[in-house]
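Worksheet: one structure, shown below.
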Amino acid sequence: MALAAVPQYLGHDFSHASPALRFGMYLPLWGVDQRSKEMLWNTHDISYEIRGQQQQERAKRNENKVAALKNACALSLSDKSLAKALAQRQILTFSTAPNSLRLQATAIAPFTTGLGNEHPLENGFSFLNPYGLPYLAGSSVKGVLRRAADELASGEWNQADVPSCSRELRHEVQNQQGKPLFDASDLDVLFGSEALGGDNHLRGVLSFWDVIPQIEGNSLMVDIMTPHQSHYYQRKDHMGSVSPHDSGSPTPISFLTVPPGSHLAFHVVCDTVRLNHLAPDLAHAERWKLLLVSAFEHAFTWLGFGAKTSVGYGAMSRDTEAEATLSRLQAQTKAASEKASKMASLSDNARHIEKFVVACQKRLDQLVGARKDKPNTELHAKARALSKAALEGGGWTTEEKGVAAQALAEWLPQVVDVDMKDERKKLKLAQLTGNA
């Protein structure tokens, strides 16, 4: 049984640890000699079996790599819940950021990143500290988007109807004293450049947030790449030659990926104050958003995000339905918040009237194509309670009584099947309005 290289007091059950810990420190990778129970500093167990014509006992190597990775990639309910909480935190923070863009995407191919990170299995993976969950760094998103925008700006994609940046150096960059320093292109203004005009650098106006994938299913995936000419890539002599040839030995290498169907949200914030200063035409009518959406859609289809994109990893599609759903929920939340603020600012009497109106509005929405409520039901009782409070309660002003009478006359006949001529007398609406 493979072991993790950890102190004994930690035990062997790491199912409650984060994916990052199970992939890193707690990875049960190191082999054990089944006879001596000695820990082996390699990636295979040694068991013993009797075999062969002479029935001799022989050692057998059992690789632990794939099993260790499959154990590391499982996602617990806690992991899934934490990923959702982080995504919700991003949404709430982003809702307060002006001049911003949010796009939703769905992975249509496996997605991986951080393969160059150090790891005993040669290929690492990017986990967000301290949460230990998979993520795509904002700097990586920025790099892909700049390349996508540059490809569209080249004009080689024959997309005349797609908004694209210009490579022309047409924006003058000045120092604080107003002295011209150098000229910059649309790409430089949006994404920044490290070498413009000698030692001068330009910071882009766009900020890209880290992306927290919402994993499809309850596990990451284990993929395998099998280079057939490893001696050639590593410049090692194999059968007297370092050149690739048919006698090269395939070398299976396992690595982690995010499965297709996972959902990713991309957030971009624009410093429009600097953008107006550097390139007013990009700020006008939020043209920078049109350029960025074009770059995102080009990247989703043709470039991909993360590692191994040249062989199809990281391909995505924009999820406009999810974007519309989120916008609708945010609008509802905003309306509810505004309504709550309005209610809090009202007097007790005005709040009583408003609660009656809201209850009637809610019921009216439910009555589409249906009959009105019968008399003496809940809303009818609320109408009588409002009338009684306005007539007999203390502290009601003449104006508040008039508003109550107007609300009763307008809303009650819409939701309750009553004779309004008779009901006006019973609710004493004329007395409320001072016309009695």
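As a ratio to 2.2 N^0.38 Å, the alpha-carbon radius of gyration computed for region 8-70 takes the value 1.39.
Across region 346-433, the relative contact order, built from alpha-carbon pairs under 8 Å that are at least six residues apart, equals 39 percent. Judged by the mean number of other Cβ atoms found within 10 Å, the most tightly packed of the peptides 267-279, 310-322 leads the ranking 267-279, 310-322.
The magnitude of the dipole of region 8-70, with charges of +1 and -1 set on the Cβ of Lys/Arg and Asp/Glu and taken from the Cα centre, is near 160 debye. Over all projection directions, the Cα-based convex hull of region 346-433 averages an area of 5.3 nm². Over the chain, the ratio between the Cα radius of gyration and 2.2 N^0.38 Å evaluates to 1.50. Hey, what angle do you get for helix 320-345 against the long axis of the chain, alpha-carbon based, 0 to 90 degrees rounded to 10? Around 40 degrees separate the two axes. Cross-link pairs exceeding 18 Å in C-alpha to C-alpha distance, out of 362/382; 382/425; 355/388; 65/236; 84/289; 339/401, comprise 65/236; 84/289; 339/401. The simple Förster model, with R0 at 30 Å and r as the Cβ-Cβ distance, assigns residue 399 and residue 421 a FRET efficiency of 0.75.
A short reminder: the numbers here are calculations on the coordinates, not readings from a lab. For clarity, every value in this text was computed on a predicted model and none was experimentally measured. For neighbour counting, all protein chains shown are included, and Cβ atoms are generated from backbone atoms with ideal geometry for every residue, glycine included.
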